[in-house]
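Working notes, structure below.
None of the figures in this text is laboratory data; all of them are computed from the coordinates on show. Note that the structure is a prediction, hence the values are computed from the model and not measured. Note: ideal-geometry Cβ built from the backbone for every residue, glycine included; neighbour counts use all protein chains shown.
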Amino acid sequence: MLSTYAPLVGLFVLAAGFALFSVTVAPFVGPRRYNHAKLQAYECGIEPVDQPLTGGRFPVKYFLTAMLFIVFDIEIVFLYPWAVANDALGLWGLGAMALFIGTVFIAFAYEWRRGGLEWD
């Protein structure tokens, strides 16, 4: 019975071996051309500033963009199983998915009209 799992175990061993090999060899064969720009911290296009740990102002646009990404990414998560089981769901599934896509499209159009998709 364990012989049926041999290909799967072999695949895991191969993947782990490749990951370990890549991490071990990368410092020796990778380029070593460092400059000032590469050594600086980079956070989503925002220049890092020294702020106290108590907080400070942080751009709200960053959080709005992240939430929009999550909303429209979740839509794809729901669309994929529907596409796989489309025949089994019938007309009810088509109507439910049309309602879902319509709701997400209304949210998308609203956000587009408000200028939430424009990157400053």
Exercise. On the given criteria, is Val71 surrounded by fewer than 10 Cβ atoms within 10 Å (Cβ to Cβ), part of a helix (DSSP H, G or I) and under 15 Å from the mean Cα position of the chain (by Cα)?
Worked result: no
For this session: For residues that are surrounded by 10 or more Cβ atoms within 10 Å (Cβ to Cβ) and of a type outside the set (A, V, I, L, M), tally how many sit in region 81-94.
Result: 4
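Of all residues in region 95-120, count the ones that are surrounded by fewer than 11 Cβ atoms within 10 Å (Cβ to Cβ) and assigned to a helix (DSSP H, G or I).
We begin by selecting, within region 95-120, every residue surrounded by fewer than 11 Cβ atoms within 10 Å (Cβ to Cβ); these are 98-99, 102, 106, 109-110, 113-115, 118-120.
From what's left, assigned to a helix (DSSP H, G or I): 98-99, 102, 106, 109-110, 113-114.
The number of residues fulfilling the criteria is 8.
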